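Trainee: Handing you this structure, nothing more for now.
The values are calculated or read from the model by the stated rules, or taken from the named source; none is laboratory data. Here the structure is a predicted model, which is why all the values come from computation and not from measurement. Please note: Cβ atoms are built from the backbone with ideal geometry, for glycine as well, and neighbour counts cover all protein chains shown.
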Amino acid sequence: MDFSDEIIDAMMRKGYLEEAGFNSAGDPLYRITPLFYEEQAELVEEMKKIDSDLLNSLWFKGYIDLMMDENGLGFIYLNDKSDSWINSDDLVEEEKAMMYLIYSTGAYYGANNS
């Protein structure tokens, strides 16, 4: 078991993660539970900042399009450049991980900004 598997296992034992299905490659997908949001509020806020920074960077570099609806809910759209993320020298590993997340889940929605 590698380090990331150990973290996932520990978070599942604490009730912080639950299985949410599988992606198209057969890899398991996980969802953060309400308990995690309650007990780790400061960490959740930090994670939101990191995600926001990564998404903004991907948007500035042209790998995704970001749009908001009339309720302030953000949506991420793939564009013509999106498919080139995996072989890009332009992206750091964290940005590539975010692109993998976007592709593996099929959809990614930002937080409600209202």
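Trainee: Looking only at the stretch 1-18, filter to residues that are at pLDDT below 95 and surrounded by fewer than 11 Cβ atoms within 10 Å (Cβ to Cβ); which one of those is nearest to Phe75 (Cα to Cα)?
Mentor: Filtering the stretch 1-18 for residues that are at pLDDT below 95 and surrounded by fewer than 11 Cβ atoms within 10 Å (Cβ to Cβ), the one nearest to Phe75 (Cα to Cα) comes out as Ser4.
Trainee: Now, a different point. Tell me, which residue of the stretch 87-104 that is more than 9 Å from the chain's Cα centre (by Cα), outside any loop (DSSP other than H, G, I, E, B) and not charged (D, E, K, R) is modelled with the highest pLDDT?
Mentor: In this case the residue turns out to be Asn87.
Trainee: Quick check, is Leu17 hydrophobic (A, V, I, L, M, F, W, C) and within 17 Å of Leu101 (Cβ to Cβ)?
Mentor: yes
A quick yes/no check of all residues on (1) touching a Phe, Trp or Tyr at 6+ places or on another chain (Cβ under 6 Å); (2) closer than 21 Å to Asp5 by Cα; (3) modelled with pLDDT of 90 or more; (4) among the aliphatic types (A, V, I, L, M):
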{"position": "Glu38", "(1), (2), (3), (4)": "no, no, yes, no"}
{"position": "Leu43", "(1), (2), (3), (4)": "no, yes, yes, yes"}
{"position": "Asp53", "(1), (2), (3), (4)": "no, no, yes, no"}
{"position": "Gly62", "(1), (2), (3), (4)": "no, no, yes, no"}
{"position": "Met68", "(1), (2), (3), (4)": "no, no, no, yes"}
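Trainee: I would also like to ask the following. Is it true that some residue in the stretch 54-67 is surrounded by 15 or more Cβ atoms within 10 Å (Cβ to Cβ), within 19 Å of Ile8 (Cα to Cα) and among the hydroxyl-bearing types (Ser, Thr, Tyr)?
Mentor: no
Trainee: Can you find a residue in the stretch 77-97 that is under 22 Å from Met12 (Cα atoms), surrounded by 11 or more Cβ atoms within 10 Å (Cβ to Cβ) and out of contact with any Asp or Glu (no Cβ under 9 Å at 6 or more places or on another chain)?
Mentor: Looking for residues that are under 22 Å from Met12 (Cα atoms), surrounded by 11 or more Cβ atoms within 10 Å (Cβ to Cβ) and out of contact with any Asp or Glu (no Cβ under 9 Å at 6 or more places or on another chain), one finds at least one in the stretch 77-97, hence yes.
Trainee: Hey, another quick one. Consider only pairs whose beta carbons are under 6 Å apart and that are at least six residues apart or on different chains; among these, list those whose first residue lies in the stretch 45-65 and is within 12 Å of Glu94 (Cβ to Cβ) and whose second residue is β-branched (Val, Ile, Thr).
Mentor: Close Cβ pairs satisfying both conditions: Leu58/Ile64.
Trainee: Name the single residue, out of those in the stretch 21-37 being surrounded by 12 or more Cβ atoms within 10 Å (Cβ to Cβ) and closer than 20 Å to Ala97 by Cβ, that is farthest from the chain's Cα centre (by Cα).
Mentor: The residue in question is Phe36.
Trainee: Scan the stretch 22-42 and report the pairs whose first residue is among the acidic types (Asp, Glu) and whose second residue is in a loop (DSSP other than H, G, I, E, B), with Cβ atoms within less than 8 Å and a gap of 6+ or a chain change.
Mentor: What qualifies is Glu39/Tyr16.
Trainee: Could you tell me whether Asn23 is touching a Phe, Trp or Tyr at 6+ places or on another chain (Cβ under 9 Å) and closer than 26 Å to Trp85 by Cβ?
Mentor: Considered against the rule, which asks whether it is touching a Phe, Trp or Tyr at 6+ places or on another chain (Cβ under 9 Å) and closer than 26 Å to Trp85 by Cβ, Asn23 comes out as yes.
Trainee: Ok, one more. Is there a residue in the stretch 68-76 that is surrounded by 10 or more Cβ atoms within 10 Å (Cβ to Cβ) and without any contact (Cβ under 8 Å) to a residue 24 or more places away in the chain?
Mentor: Checked the stretch 68-76: no residue is surrounded by 10 or more Cβ atoms within 10 Å (Cβ to Cβ) and without any contact (Cβ under 8 Å) to a residue 24 or more places away in the chain.
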